[in-house]
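Input: a single structure, listed below in structure tokens.
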Amino acid sequence: MENSTKSGLKVLLVDDEDRFRNALSRQLSVRGFRVFEAECGEKAIEMTIAERPDVVILDQEMPGMNGTEAFDELKKIDPFIEIIMLTGHATVEIALYIMKKGAFDYIMKPLNIDELLYKIEDAYTRRLLNVKKTNTGSGRGLV
Amino acid sequence: MGRIGNWFRKKTSGGGENRDIEVEYLRLNFKARYHSFKLLISANNKSLENMADIERALQGHDVFGMGFIKSRVTAISVSVFSMITHLKTITGGKYPGLEPAFFKIEQVIAEILNPKKPAADPRLVIAFKDVEPGMAYLVGEKMDHAAEVKNSLGLTVPEGFAITSTAYELFMKENRLQSEIERVIQSAGPDSQGPFDILSSRIRTLIMDARIPEPLEQAVRAAWQNLENAKGGSVRLAMRSSAMGEDSSENSFAGQYRSELNVSIDGVFDAYREVVASKYSVKAISYKLNRGVRDEDIAMCVGCMVMVDAVAGGVVYTRNPVDAADTSVYINAALGLPKSVVDGQDTCDLFVVSRAVDYEVIPARIFGDDPLDFVMVSQKEPAMTIRSDIREKKFKVACLDTEGVRREEVPQDMQTEPALSEDKIRELFELAVMIENHYGCPQDIEWALDRDGRLFILQCRPLKQMPIKDMAGNAPLDDAPPPLVQDGLTASPGAGCGEVFQVMKRADILQFPKGAVLVVEQALPAWASLINRASAVVTEQGSFAGHLANVAREFHVPALFAVKDAMKLLTPGETVTVDADGSSVYAGRIESLLRNKPRERNPMEGSPVFETLESVSRHIVPLHLLNPDSPEFAPESCTTYHDITRFIHEKSVGEMFQFGKEHDFQERSSKQLYFHVPMKWWILNLDDGFKEEVQGKYVKIEQIDSIPMLAFWKGFTAKPWDGPPPLDGKGFAAVMFQSTVQPALNTGMPSKYADRNYFMLSRNYCSLNSRLGYHFSTMEALVGDNAAENYVSFQFKGGAADFERKMKRVYFIGELLERYGFRVDIRQDNLTARLEGHDRESMVKRLQVLGYLTLHTRQLDMIMTNASRVIYYRDKMIKDIDALIAGATVH
């Protein structure tokens, strides 16, 4: 694991369940992430524009704009943003739909917090690599 | 970061250092590939862990629900799809056949998980008189039977209507309840007893807060009005659950769902919500889980019957449920409403009626040859009451004037009066036999007697009788101590032993230890959720006609009911043996009683949930792609998810090795291991697997900094190999024969099969593809400080000897690996072993074991048919390995 990638890593948590979001936010903060919270898809868009998070933990089921709809909007704002979808109601169809769109992963509640931490770091690494590849790859394809 | 920064500066300053730019560019690309490779390996690991979960579930030791299946299948699908994406990144899209293969499998699985439902009937409410035979899909089994008894047999069943499955689906859909409920269930975590009450109360709140759709409200009000018009006055209704699958012969769901009695029009919609919510009561969740019933298969229909203000009521069993040889009819009767019988709350009267018997003419020729020996019997025995247990009935359940019911005291002088007269017993007996004859199988019938002396049939369902083999009598007691208790009725046969655990309130349920003897005052349906964890049940009140007794019989748990003072006589914590057949409880464990205990069976086997997992697993778990050198090893041949993961894993490892060579990239090209001399081992440093930058074509073991690789190497080099075991003549001939048939096995020939061993490593990761002698093995390990992420996997195949010897060696290795804690799976001559979740020190030891075995099982196949040599080698290896992992020096 590349622990150095963690410093300054910005995570946006999007979930309508306040207790779940607050608890997760605390756990991520104590591990050194900069955490932002949004309780709905609309707020997630605002926060993404304002704070430019690296990784988003996005709940699938929310009133109003759901996770899948918010996903498209967030990717429009920042194509390199990495999104980990979260669901309390696993369905293969939705999972594959969102993976095809380029979600970093699709994970199910209840969460294993350690597993999530590794995933956030891996997602961040992928973001850095994608940004670098795009910056250095002008006029060249990848090897 | 620093290096990348330098490269940016160089590039922008236009220094023209093309080689540096090229190298930096390759570094970045390698890093991106390595990152994808790492994610691919992690997804592979995750999918294998989930597959192992599925295999464990199919072994039938634990119960699981559809939530388990859906979450595992989703996790595996996501992992496999991720692997395809990562392989695409690594190879630049070299294997386009993988996605079609994946989606083909996914399609089949989706059809198993979401079977198409038949087109729905649009009616939300149906009057009983309009229910036709075979409408159970619309009104539920219970109301389908009630309507059939009314419409086809013409028996007296209260008027009413059913709120249909279409109505239920509308109610769930308009309130988006199904997905919300599944979300709550999944979030509650593993399927265990603990969180059921929180889960149940959260779901209940969702349902009780849900809105009744307007068309449903209108339909119910109109149906109610029709009943009142017909009666010429106001009515009260009994609202009974009539769920799909309830009251079927496989699953009785006895008492799992709720009935609301004496409901007024003001309370009808709350009562509807209550009945629907009872689908998720603690006992119903537990029952469904243990019986493997799929939640989505159960639409909750509700039967609404005009309330019978009964003076007596109860349950008739048309046969003895615990004795298939007994043809008598059993009538349980309470004062007031039948509720106290089915709830097992109070004691009730029992009348046993023998059937009318016709003896037929029996020609004696059947027995002998003498034509004169002709016996003719023409005798008719009338039905008669052969037993009347009139019990003290202190309480009864009665309707309140306004709405609802209450348990009230029976006046002293009435308490010991029979609940039924001889005439009514006879009438009820005849109705019961008529219903049994109609359905052609034993029936469990709920009845009520109103103030005008009319008998009503409220519901009927198939009665499950214990198969005779399950009722095998126990051996007579030889020198057993005198029983602690000798009393009670056999509610479910058999004998069970465990510690006494008294349950007095719901909170006690959570503390109930598996295997204990459940001792309670009343045989309430609420205790049903404990049945599958109890070794036996003893109650003070209740009859074998109650719901709890039904559930005990379904789960084959011995139960002894109506044991006076059981709570006083059986001390908590004391080990007792309950002999339900002999109506006795003994102190301690009485082996002679337990000897003939029916074999414990997995109640889920054959259930819809179990079968769903079995069907799904056939497209996930089996591995067909065993040989990477075969032309069949291709995306098009992948028919399971496991095939896909195997293919991807193999190809990804190859691609990572190719990178350095293909791009003439020295620092990410493999290096030859230098261990005293140059070895036939090549090493690729993926990331931080070397202590320092290594120049040239060799790397020394001291320069390596990979925890798993060094552990493996320690085992590999702990003890020098003695060379091939001395061959017996047959073994040698076997190898020679195979070598001539398969020239590639001959190491002397220039062949791609010659010894070659590739390590890929980083500090915490290592993979090895090895061909030593005639066998081929792969090993992969992740070892770090996070025990949850740690794993070792090992695969072994091949050998030069014939199939029998190869198999024997595979089993030999498998046995040794199991001894050291690996989970081993053997298919043909292909062995896979896995171990995960242990701490670093423990993983390091296991890797040493693998290193040792990789070297020392070489060519052992040659001696595998010689039993004494096999024992010699096994003992020697165990001794060496024990010394090795104990940290001692091996000599």
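The values are calculated or read from the model by the stated rules, or taken from the named source; none is laboratory data. All values derive from a computational prediction rather than experimental measurement. Cβ atoms come from the backbone with ideal geometry, glycine included; neighbour counts cover every protein chain shown. Note: areas computed on protein heavy atoms with side chains; ligands, DNA, RNA excluded. Shrake-Rupley method; radii C 1.70, N 1.55, O 1.52, S 1.80 Å.
Collect the residues in the stretch B:695-729 that are at pLDDT below 90, open to solvent by 70 Å² or more (accessible area, probe 1.4 Å) and among the acidic types (Asp, Glu), keeping them in residue-number order.
B:Asp722
Checking B:Lys150 against (1) open to solvent by less than 40 Å² (accessible area, probe 1.4 Å); (2) closer than 22 Å to B:Val275 by Cα: exactly one of these is not met. Which one?
(2)
Could you check how many residues of the stretch A:62-104 are within 12 Å of chain B (Cβ to nearest Cβ), of a type in the set (Gly, Ala, Ser) and more than 29 Å from B:Tyr641 (Cβ to Cβ)?
0
B:Met843: outside the structural domain of B:Leu626 (by TED's automatic domain parsing), in a helix (DSSP H, G or I) and under 22 Å from B:Arg646 (Cα atoms), yes or no?
Here the answer is no, as B:Met843 does not meet what is asked.
Six or more apart or on different chains, Cβ atoms under 9 Å: show the pairs whose first residue is in the stretch B:81-106 and within 11 Å of chain A (Cβ to nearest Cβ) and whose second is open to solvent by 20 Å² or more (accessible area, probe 1.4 Å) and among the aliphatic types (A, V, I, L, M).
The qualifying pairs are B:Thr89/A:Leu142; B:Gly92/A:Leu142; B:Gly92/A:Val143.
Are any of the residues in the stretch B:263-271 part of a strand (DSSP E or B), modelled with pLDDT under 90 and touching a helix residue (DSSP H, G or I) at 6+ places or on another chain (Cβ under 9 Å)?
No.
Pull out all pairs, ordered by first then second residue, where Cβ-Cβ is under 7 Å, the residues are six or more apart or on different chains, the first lies in the stretch B:674-695 and is without any contact (Cβ under 8 Å) to a residue 40 or more places away in the chain, and the second is in a strand (DSSP E or B) and basic (Lys, Arg).
B:Tyr674/B:Lys700; B:Val694/B:Lys671
Name the pairs whose Cβ atoms lie under 8 Å apart, with the first residue in the stretch B:25-51 and away from chain A (no Cβ under 11 Å), the second small (Gly, Ala, Ser) and surrounded by fewer than 21 Cβ atoms within 10 Å (Cβ to Cβ), and 6 or more positions between them or separate chains?
Cβ pairs passing all conditions: none.
Mind checking which residues of the stretch B:119-160 are of a type in the set (Gly, Ala, Ser), part of a helix (DSSP H, G or I), touching a residue at least 40 places away in the same chain (Cβ under 8 Å) and more than 15 Å from B:Met300 (Cα to Cα)?
B:Ala146
What residue, among those in the stretch B:598-620 that are in a loop (DSSP other than H, G, I, E, B) and surrounded by fewer than 17 Cβ atoms within 10 Å (Cβ to Cβ), is modelled with the highest pLDDT?
Here the residue is B:Arg618.
One residue is enough: does the stretch B:83-92 have a residue meeting the conditions out of contact with any His (no Cβ under 9 Å at 6 or more places or on another chain), open to solvent by 20 Å² or more (accessible area, probe 1.4 Å), modelled with pLDDT of 80 or more and not in a helix (DSSP H, G or I)?
Scanning the stretch B:83-92 turns up at least one residue that is out of contact with any His (no Cβ under 9 Å at 6 or more places or on another chain), open to solvent by 20 Å² or more (accessible area, probe 1.4 Å), modelled with pLDDT of 80 or more and not in a helix (DSSP H, G or I).
For the stretch B:516-557, what are the residues that are of a type outside the set (S, T, N, Q), within 23 Å of the chain's Cα centre (by Cα) and in a loop (DSSP other than H, G, I, E, B)?
B:Ala516, B:Ala534, B:Phe555, B:His556, B:Val557
Find the residue count for the stretch B:765-791, including only residues that are in a strand (DSSP E or B) and either at pLDDT 80 or above or in the same structural domain as B:Ser47 (by TED's automatic domain parsing) (or both).
12
Name every residue in the stretch B:631-660 that is without any contact (Cβ under 8 Å) to a residue 40 or more places away in the chain, open to solvent by 30 Å² or more (accessible area, probe 1.4 Å) and not charged (D, E, K, R), in order of residue number.
Those that are without any contact (Cβ under 8 Å) to a residue 40 or more places away in the chain, open to solvent by 30 Å² or more (accessible area, probe 1.4 Å) and not charged (D, E, K, R): B:Pro631, B:Ser637, B:Gly654, B:Gln658.
Go through the stretch B:432-466 and give me each residue that's within 25 Å of B:Ile390 (Cα to Cα), hydrophobic (A, V, I, L, M, F, W, C) and surrounded by fewer than 22 Cβ atoms within 10 Å (Cβ to Cβ).
Within the stretch B:432-466, B:Val433, B:Leu455, B:Phe456 meet the criteria.
Can you tell me how many residues within the stretch B:187-206 are at pLDDT 85 or above and open to solvent by less than 70 Å² (accessible area, probe 1.4 Å)?
4
Six or more apart or on different chains, Cβ under 6 Å: which pairs go from a residue in the stretch A:119-132 that's facing chain B (nearest Cβ under 9 Å) to one that's aromatic (Phe, Trp, Tyr)? Could you list them?
Taking only residues 6 or more apart or on different chains, the pairs are A:Asn130/A:Phe80.
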